[in-house]
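What follows is a set of notes on a single structure, which appears directly below.
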Amino acid sequence: QVQVVESGGGLVQAGGSLRLSCAASGSIRNINAMGWYRQAPEKQREWVAVMYSGGATTYTDSVKGRFTISRDNAKNTVYLQMNSLKPEDTAVYYCNLQADFRGYWGQGTQVTVSS
């Protein structure tokens, strides 16, 4: 069984920083990608950043230059460093794991940015 667990959310003032962590565990053979998505109230879930197995990364335009995705392969963990946070970054952030031709979601972690 595969588990995906996020941590690191919280309340921060605009301009501040947070770092999210996502740890994958269980019967995992090959990780193809790990990424972050977010869902604001009354909005659809949207893609934020993804890191592929070869190390390539992609970011949605609204976070480029502010957010950085990184990973620790030994720990099957991916991080999202979020700087210069804005109130519009407020959302539940979800980690997505793509491994062994299947997708897995974490339970989400709340990020709230006050103005």
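Overview of values
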read-out	value
Computed log₁₀ I(q)/I(0) - Debye formula, equal Cα scatterers, no solvent, the chain, q 0.13, 0.19 Å⁻¹	-0.45, -0.94
With DNA, RNA and ligands ignored, accessible area of LYS75 (1.4 Å probe; Å², nearest 10)	130 Å²
Cα shape, the stretch 52-115, gyration tensor, a/c 1.5 rule	prolate
Size of charge dipole - the chain - debye, nearest 20, with Cβ of Lys, Arg +1 and Asp, Glu -1, no other charges	160 debye
TRP36, TRP105, reordered so the largest accessible area comes first (probe 1.4 Å)	TRP105, TRP36
Length-normalised contact order for the stretch 42-115 - Cα pairs under 8 Å, 6+ apart - percent	20 percent
Signed unit charges on C-beta, dipole axis of the chain, positive-most listed residue VAL48, GLN13, GLN1	GLN1
Segment ARG19-GLU88, extension gain: residue separation times 0.36 nm, minus the distance between their alpha carbons	23.2 nm
For the chain, share of DSSP beta bridges that run antiparallel, in % to the nearest 5	90 percent
Area of ASP100 that stays accessible when all protein chains are in place (1.4 Å probe, Å², to 10)	40 Å²
Net charge of neighbours whose Cβ lies under 13 Å from the Cβ of THR77, counting Lys and Arg as +1 and Asp and Glu as -1	+1
Part-to-part distance (alpha-carbon centres) for the stretch 68-89 and the stretch 1-15, which is given in Å	9 Å
Cut-off 16 Å, label 7 Å out along Cα→Cβ of ASN32, residues of the stretch 41-79 by amide N	50-56
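The values are calculated or read from the model by the stated rules, or taken from the named source; none is laboratory data. The model shown is predicted, which means the values in this text are computed figures rather than measured ones. Cβ coordinates were reconstructed from backbone atoms using ideal geometry, including for glycine residues, and neighbour counts include every protein chain displayed. Just so you know, the surface numbers come from the protein's heavy atoms only, side chains and all, with ligands and any DNA or RNA stripped out. Shrake-Rupley method; radii C 1.70, N 1.55, O 1.52, S 1.80 Å.
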